[in-house]
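Beneath this line is the structure, given in structure tokens, with notes to follow.
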Amino acid sequence: MQISVSSTLTVYQDGQFWVGLAEHVGGGRYGVARIVFGAEPSDEEILQFVVGKWEKLSFFGGKPAEASKPAKNPKRRAREAAKALK
């Protein structure tokens, strides 16, 4: 019995953020996960992501994957805080 598994990570800029598209093929199933990096990631940051967080990605559904999210604009956070205090 032969088992074939393939994974690919493509990093691109979607206009505003740098995004990673992780593709995984295994057991005849194809899955995709999207990761938002925010600022342009260095080679070291990409390597740390692959080594540390790759296995936690949810390619085929189930629990949502934990991915880094860009921080909200500080002006927006200040407006939201002021609105909450009123």
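Listing for the model above:
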read-out	value
Separation in nanometres of the label points that stand 7 Å from Cα toward Cβ, at residue 16 and residue 29	3.2 nm
Relative exposure of 9, 85, judged by other C-beta atoms within 10 Å (fewest first)	85, 9
Label-reachable residues, the range 1-26, where backbone N falls under 20 Å from a point 7 Å from residue 46's Cα toward its Cβ	6-25
Sorted by Cβ density within 10 Å, fewest first, the residues 18, 54	54, 18
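No value in this document is a laboratory result; all are computed from the given coordinates. On a predicted model such as this, the values are computed, not experimentally measured, just so you know. Reconstructed Cβ throughout: ideal geometry from the backbone, glycine too, with neighbour counts over all protein chains shown.
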